[in-house]
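Just below is one structure, and these are the notes that go with it.
The values are calculated or read from the model by the stated rules, or taken from the named source; none is laboratory data. The shown structure was predicted, so the numbers you read here are calculated from the model rather than taken from an experiment. Cβ atoms come from the backbone with ideal geometry, glycine included; neighbour counts cover every protein chain shown. Protein only, heavy atoms only, side chains kept; ligands, DNA and RNA dropped before computing areas. Shrake-Rupley method; radii C 1.70, N 1.55, O 1.52, S 1.80 Å.
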Amino acid sequence: MHSNTVRRWCIHSLFVAQSWAEEDGTWIYYDKVSESWKKSGDNWYWLDDNGAMVRNQWVAIENEEAGEDDEPEHYWYYFQANGNAYKRSDSASTDVISAKVINGKKYAFDTEGKMLYGWVSDGERQADDDAWKTCKYYFGDEDDGAMSVGWRLISITDDEAEDIQPGDEFWDEDQDRWFYFQSSGKKKAADENNGEVYTDKSINGKKYGFD
């Protein structure tokens, strides 16, 4: 028997054994459940409101920890053609962003398949006030999540602002700052080894300085 045929037969047998049935190329879970997770083998799949396996699409799934420690109301997942959600490998290096291209944009996911957003470092979303100082990548808001490239105005909290220039409203703790992200997604910033030394970069024929 051809290896691909054997693989399809094994997958079919596995699903059938766990109350799955295939209808017109779509896997349906026959246990009167919908909009929930169901496991088959080592993989988890999301069912739509008809009990069908979700494939090739984004799904916002309610977050059970919403309201705790800056947790969002829901997390976005992207389910591939095989029904598996994109997710970060446990063995992936934490200092590398393993972004997935979806509809021409890049997205990052954690090891559970949740789409990362905001400032990202070490394979996780960083929500603390100083994240903008230490993180190199920014992935939009909780309902966007696309890797930022080019200029982006981002709201930040700078607890050192008043010490820099007391009495100036521009240096209020809560600010909107412009950041520039290179084509790789990395934030343009001064070399960490140079301390407070500014770096400049030519962008569209003009030079800009970055701390």
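Which one is most open to solvent (accessible area, probe 1.4 Å) among residues in segment 88-109 that are of a type outside the set (Gly, Ala, Ser) and modelled with pLDDT of 90 or more? That would be Asn103.
Note on segment 1-49: among residues that are surrounded by 14 or more Cβ atoms within 10 Å (Cβ to Cβ) and of a type in the set (Phe, Trp, Tyr), the one that is modelled with the lowest pLDDT is Phe15.
In segment 117-140, of all residues being within 22 Å of Lys100 (Cβ to Cβ) and of a type in the set (D, E, K, R), the one that is modelled with the lowest pLDDT corresponds to Asp122. For Trp151, the criteria (1) under 24 Å from Pro72 (Cα atoms); (2) at pLDDT 90 or above hold in every case but one, which is (1).
Would you be able to say whether some residue in segment 110-127 is under 27 Å from Glu22 (Cα atoms), of a type in the set (Asp, Glu) and loosely packed, with under 14 Cβ neighbours inside 10 Å? Scanning segment 110-127 turns up at least one residue that is under 27 Å from Glu22 (Cα atoms), of a type in the set (Asp, Glu) and loosely packed, with under 14 Cβ neighbours inside 10 Å.
Here Ala52 fulfils each of the conditions (1) surrounded by 14 or more Cβ atoms within 10 Å (Cβ to Cβ); (2) under 29 Å from Ser183 (Cα atoms); (3) among the small types (Gly, Ala, Ser) apart from (2).
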